[in-house]
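The values are calculated or read from the model by the stated rules, or taken from the named source; none is laboratory data. All values reported here derive from a predicted model rather than from experimental measurement. Methodologically, a virtual Cβ is constructed for each residue, glycine included, from the backbone with ideal geometry; neighbour enumeration extends over all protein chains shown. For the accessible areas, the whole protein counts, side chains as well, though only heavy atoms, and no ligand, DNA or RNA atoms are used. Shrake-Rupley method; radii C 1.70, N 1.55, O 1.52, S 1.80 Å.
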Amino acid sequence: RYTALQLAQYASMLANGGKRMQPQFVNEIRGTDGSIIQGFEPKVLNTISFPQKYWDEIYKGMSQVKVEGFEGVNYTFLRKTGTSEQDAGDRKKVENAVLIAFAPAEDPVLAVAVIVPDGGFGGWGAAPIARQIFDAYDAETGRLSGKK
């Protein structure tokens, strides 16, 4: 019953060690002349505190989740897959592929959530889409692989 945005917010909270951030879609609004009309600052909504050993256990578990489509990546990532079930009309227990992930694992800069309605298991239905998101981001910024 969570939206992709809520799941991405959750993945981000895991990535940064407990800070739940307010969703923010832009860093700034610029005028036609390039001047900044309005800037936006990140806002922490709340913080979850666990002993470091708990965070380490979460990250260890996320590093061991099997996914399809990430063969040969040149960055580290942590992930969690899932399959949500829902009744859709006459169809009972439609399986929706779900995945949350962030990268690079050591110093995350990107968190994603993918939901594929009727996509089956998250490890193979949503993971290849997440890979494409990570790769597109890395191609543009180089911040996952350290190449730019």
Low-density loop cleavage sites - GluC sites (Glu not before Pro) in segment 1-93, where at most 15 other Cβ are within 10 Å (DSSP): E68, E71
Considering only segment 1-127, percent of DSSP beta bridges that pair antiparallel, nearest 5: 100 percent
Most mobile of T81, T32, T47 in a GNM of the chain (Cα contacts under 10 Å): T32
Largest to smallest accessible area among D56, D90 [probe 1.4 Å]: D90, D56
Dipole of segment 15-148, positive end: most advanced residue of F50, A103, F121 [Cβ charges, Cα centre]: F50
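Tell me, what is the per residue accessible area of the chain in Å², probe radius 1.4 Å?
64 Å²
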Helical contribution to [θ] at 222 nm, DSSP H n ≥ 4, -39,500 (n - 2.57), averaged over the chain, rounded to 500: -8500 deg cm²/dmol
Whole-angstrom gap from segment 1-38 to segment 82-100, using each part's C-alpha centre: 27 Å
Listed residues N16, N96, N46, most fluctuating in the chain (Gaussian network, C-alpha, under 10 Å): N46
Eligible lysines near K53 by straight Cα distance, threshold 19 Å, same-chain separation 8 or greater: K19, K80
Cα-based helix-to-principal-axis angle, 4-15 vs the chain, degrees rounded to 10: 70 degrees
Degrees separating the helix 127-141 axis from the principal Cα axis of the chain, which is the longest one: 20 degrees
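For the chain, what is the per residue volume of the convex hull drawn over the alpha-carbon atoms, in cubic angstrom?
For the chain, the hull spanned by Cα atoms encloses 147 Å³ per residue.
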Most fluctuating residue given options A126, A88, A101, as computed from a GNM of the chain linking Cα atoms under 10 Å: A88
Using θ = phi - 60° and Karplus 6.51 cos²θ - 1.76 cosθ + 1.60, couplings along segment 80-93 (whole Hz; Gly, Pro as x): 9, 9, x, 9, 9, 10, 8, 7, 10, x, 6, 8, 9, 6
Gain upon complete extension [A139, K53; 0.36 nm per residue less C-alpha separation]: 27.6 nm
